[in-house]
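Written out below as structure tokens is the structure these notes cover.
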Amino acid sequence: MSPRPGSPTRRPGASAAPHPPGAAAVRRAHRLLEKAFGPLDPPRRLDPLEELILTVLSQNTSDVNRDRAYASLMDRFSSWEEVVEADPGDVAEAIRPGGLANTKAPRIQAILRAIEEREGRLDLGFLHRMSDEEVRDHLMGLPGVGPKTAACVLAFSLERPALPVDTHVLRVARRLGYVGSKTGADAAHEAMAHLVPAEIRVSMHVGLIRLGRAVCKPGRPRCEECPLQGLCPTAPFVLSGAWRAGSERRRSG
Ligand code: SF4
């Protein structure tokens with residue numbers, strides 16, 4: 001793709017309150033992502049409790065290492081009850097392949113303990129009968145569970161219209177002007193829920209992650225090969241050479 005003609009008229013994401021596109025433009029971006037990457041199917045469907053623990057394990061690591069940590073945890077312990085009662089060091093040892101094991105192990109045990117105390121058993125199957133809002137509130141009442149983890153359970157386990165905002169989604173959403181350059185991940189969940197139509201929320205999450213990993217990377221984005229180039233306010237800056245490494249970080253303060 002060649003650079004778009006004309007000079008950039010607005011610094012990308014320069015305002016903390018951008019003018020986000022309408023639903024039609026978001027749908028167009030979704031179609032372009034689907035054309036570029038193929039079907040944007042979510043990666044898995046697990047039981048809600050499994051999904052919750054898998055999401056905790058996914059923090060600050062790759063999908064491969066997260067899956068290795070989860071498989072190792074399942075090999076080491078035969079039930080969630082065993083995980084709760086285990087020595088924290090043994091849980092940390094089991095999930096070591098996923099990184100940050102000494103932080104994640106007590107977090108996982110605290111979550112399981114809270115569920116057991118609340119429900120009398122280690123099972124989140126009842127979430128299927130709750131509204132999206134009730135599920136979100138319930139999960140975010142657990143220790144260390146924030147909007148992203150709750151959205152992962154909603155989207156991937158319960159098949160609800162949620163859009164988890166991880167580091168890739170946040171970076172791409174800021175560059176696309178979907179959220180402000182200073183919008184944090186928690187606030188971005190709310191903004192993206194308003195912006196992205198419900199029926200494409202989960203697949204949009206998948207598409208933005210793929211774009212963020214392959215094209216709209218940290219550092220200089222590869223706008224010249226991006227399927228969303230024509231819709232993106234950041235592209236003219238990058239393609240004209242006005243974008244400098246670190247400028248984005250400085251702009252976002
Ligand atoms: S055009 Fe560039 S900045 Fe915009 S989404 Fe694509 S890679 Fe990212």
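We did not get these values from a lab; they are worked out from the coordinates using the rules stated. As the structure is a computational prediction, the values presented were derived from the model and not from experiment. Backbone-built Cβ (ideal geometry, glycine too); neighbour counts: all protein chains shown.
Side notes on the structure shown:
- Think of it as helices only: each DSSP H run of n ≥ 4 in the chain is worth -39500 (n - 2.57), and spread over all residues that comes to -15000 deg cm²/dmol at 222 nm.
- The stretch 110-201: relative contact order as a whole-number percent, Cα under 8 Å and 6+ apart: 20 percent
- Crossing angle, helix 101-119 versus the chain [Cα axis fit, 0-90 degrees, rounded to tens]: 60 degrees
- Remark on the stretch 48-157: Rg and Dmax equal 13.1, 37 Å (Cα only).
- Spin-label model, ARG44 to GLU225: label points 7 Å out along the Cα-to-beta-carbon direction sit 2.8 nm apart.
- GNM flexibility winner over the chain from LEU231, LEU158, LEU170 (Cα, springs under 10 Å): LEU231
- Lys-Lys pairs in the chain that are eight or more residues apart or on separate chains and whose Cα atoms lie under 26 Å of each other come to 5.
- For the chain, the relative contact order is 31 percent, taking Cα pairs closer than 8 Å that sit 6 or more residues apart in sequence and dividing their mean separation by the residue count.
- Our note on the geometry: Cα centres of the stretch 205-220 and the stretch 28-50, 13 Å apart.
- Averaged over residues, the count of other Cβ atoms within 10 Å places the peptides 171-180, 115-124, 186-195 in the sequence 171-180, 186-195, 115-124, highest first.
- Fewest-first sequence of PHE37, PHE237, PHE126 by Cβ atoms within 10 Å of each Cβ: PHE126, PHE37, PHE237
- Packing-based order for 101-113, 144-156, using average beta carbon neighbours within 10 Å, highest first: 144-156, 101-113
- Modelled spin-label separation between GLU133 and GLU93, with each label point placed 7 Å from Cα along the Cα-to-Cβ direction: 4.7 nm.
- Annotation: for a label point projected 7 angstrom from Cα along Cα→Cβ of ALA187, residues of the stretch 133-159 with backbone N closer than 17 Å are 147-148.
- About the Cα centre, charge dipole magnitude for the chain (Lys/Arg +1, Asp/Glu -1 at Cβ), debye: 2040 debye
- Here the chain is treated as a Stokes sphere of Kirkwood radius computed over C-alpha pairs; at 10 °C and 1.306 mPa s its diffusion coefficient rounds to 82 µm²/s.
- Taking every alpha-carbon pair in the stretch 123-222 and binning the separations at 5 Å intervals from zero gives 2, 14, 24, 24, 17, 11, 5, 2, 1 percent.
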